[in-house]
Amino acid sequence: MGENRKIILPRLVTSKLLHRQQLHGHGSVSEVSSIVDENLGKRPLNIHKDTFVYRVFASTWNVGGIAPSDDLDLEDWLGTRANTCDIYVLGFQEIVPLNARNVLGPTKSCISAKWNSLIEEALNKKERKEGAELNQESTYSSAMEGSMQGEGFRCIRSKQMVGLFTSIWVRSNLRPFIHHLDASCIGSGIMGCLGNKGSVSIRFVLHETSFCFVCCHLASGGKEGDVLLRNLDVADILARTWFPGRATQDLPEKILDHDQVVLLGDLNYRISLEGAETRSLVKAKNWAILLENDQLLSEFSRGRHFEGWQEGLITFSPTYKYHPNSDQYYRCFDGARGQKKRAPAWCDRILWRGKGLKQVQYETCNYRLSDHRPVRAVFHAECDVSLSEGVQK
């Protein structure tokens, strides 16, 4: 068994010894490690499979149609200065303004390419630095090449639909064990089909466990009845999203058929209180009363559309609506006639479902690029692995 594990992942055996106690206590796991069960000898052992756990970073960010600057540093957002995960799932909304030209015209891929460039720079900065230090006598390009052959990150799939953009990055040494990568886009905006609202989903199979990541931008609005439109958007996305199957393999075709699912985005659920009362409670940081009136949590409690889904405990400030480049919430109750009134709300959320998926972190991040704050989560994801996989690869 030990030899097979070495074939599957070269650093697995040493990683297991170093991190066994840490993982069993649900501590931070920075690299692939197997799950250790102290009671393993008390139950039947499947000698043909093992289980590994990966750290998965997932984040959503509505950037308000604002293009990033060339020097935007994403290291704090991705948390790469302190530690790194094995998989990064990044979902954006409004990477371009949602005007008629962008909704009806061709996709502006130059903006998504710029975001990917900044993500790559942040994820691989530490690896590049270490590679350069180890190759001081080599040329710069040789140092970078040697570095990226190690544990650098690479984008395995990204997909854009108007302002929605999903980008997934993994450690380079995991790429051989990822297969059946597919993407699916659902427009639910204008006329119920255009891409100013909707979802971009990406799925893959890692070893023998299927994952699906759904980036959403649901119907906006704080009027009575708008919550029903958001519920309909969710139902529509779950019903219409489809991935191609394989005649020779039993692959999931629908979102909920996957082993582990993360749904993130600007879900646009608001707080069912008058704006002035909401602002007063936000100023007092009275999250308890605000969350009692949160529309999404109300939908959870009523069992509407979200049966089987989970969300972590919210301990952070509402993520919307801020003045750009400011920590002050938007105020316009005395604004010009016709100006939209926006009260603070937890619009940006991360939900999940599936056996073997455990959330260990859920928080916001203080980037002031737009009127939304990014929200991020870290998961421990268990994956089934066939011990013959390494031989077959």
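Out of the residues in the range 190-203 meeting the condition of being crowded, with 20+ Cβ neighbours inside 10 Å and over 19 Å from the mean Cα position of the chain (by Cα), tell me which one is nearest to Asp259 (Cα to Cα). Step through it out loud before you land on a result.
Going residue by residue through the range 190-203, those that are crowded, with 20+ Cβ neighbours inside 10 Å are 195-203.
Within this subset, residues satisfying the condition of being over 19 Å from the mean Cα position of the chain (by Cα) are 195-196.
Working: Gly195: 27, Asn196: 29 Å.
Among residues in the range 190-203 that are crowded, with 20+ Cβ neighbours inside 10 Å and over 19 Å from the mean Cα position of the chain (by Cα), the one nearest to Asp259 (Cα to Cα) is Gly195.
I'm trying to understand the selection: among the residues of the range 40-77, which are open to solvent by 10 Å² or more (accessible area, probe 1.4 Å), small (Gly, Ala, Ser) and either closer than 30 Å to Val96 by Cβ or at pLDDT 95 or above (or both)?
Correct list: Gly64, Gly65, Ala67, Ser69.
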(request) Evaluate the range 204-212: report whether one residue or more is open to solvent by 10 Å² or more (accessible area, probe 1.4 Å), out of contact with any Cys (no Cβ under 6 Å at 6 or more places or on another chain) and closer than 15 Å to Phe92 by Cα. (result) no
(request) Note down all Cβ pairs under 8 Å where the first residue falls in the range 275-287 and is closer than 12 Å to Tyr329 by Cα, the second is among the hydroxyl-bearing types (Ser, Thr, Tyr) and surrounded by 10 or more Cβ atoms within 10 Å (Cβ to Cβ), and they're at least six residues apart or on different chains. (result) Arg279/Tyr329; Val282/Ser317; Val282/Tyr329
(request) Could you please find all residues in the range 153-189 being open to solvent by 40 Å² or more (accessible area, probe 1.4 Å) and outside any strand (DSSP E or B)? (result) Asn173, Arg175, Pro176
(message) Condition check: open to solvent by 10 Å² or more (accessible area, probe 1.4 Å), in contact with a strand residue (DSSP E or B) (Cβ under 9 Å, 6 or more places away or on another chain) and on the phi < 0 side of the Ramachandran plot. Does Leu264 satisfy that?
(response) no
(message) Here is a list: Asp259, Asp233. Which entry is open to solvent by 10 Å² or more (accessible area, probe 1.4 Å), in contact (Cβ under 8 Å) with a residue 24 or more places away in the chain and closer than 18 Å to Phe92 by Cα?
(response) Asp233
(message) Condition first: within 21 Å of Asp371 (Cα to Cα), in contact with a helix residue (DSSP H, G or I) (Cβ under 8 Å, 6 or more places away or on another chain) and assigned to a strand (DSSP E or B). Now tell me which residues in the range 62-106 satisfy that.
(response) Leu90, Phe92
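The rows are residues; the columns are (1) under 15 Å from Gln93 (Cα atoms); (2) open to solvent by less than 10 Å² (accessible area, probe 1.4 Å); (3) in a strand (DSSP E or B); (4) among the basic types (Lys, Arg).
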{"site": "Trp352", "(1), (2), (3), (4)": "no, no, yes, no"}
{"site": "Gln361", "(1), (2), (3), (4)": "no, no, yes, no"}
{"site": "Ser370", "(1), (2), (3), (4)": "yes, yes, no, no"}
{"site": "Val385", "(1), (2), (3), (4)": "no, yes, yes, no"}
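The values are calculated or read from the model by the stated rules, or taken from the named source; none is laboratory data. Bear in mind the structure is a predicted one, so any value in this text is a computation, not a measurement. Cβ: placed from backbone, ideal geometry, glycine included. Neighbour counts: every protein chain shown. These accessible areas exclude ligands, DNA and RNA; they are computed on the full protein's heavy atoms, side chains included. Shrake-Rupley method; radii C 1.70, N 1.55, O 1.52, S 1.80 Å.
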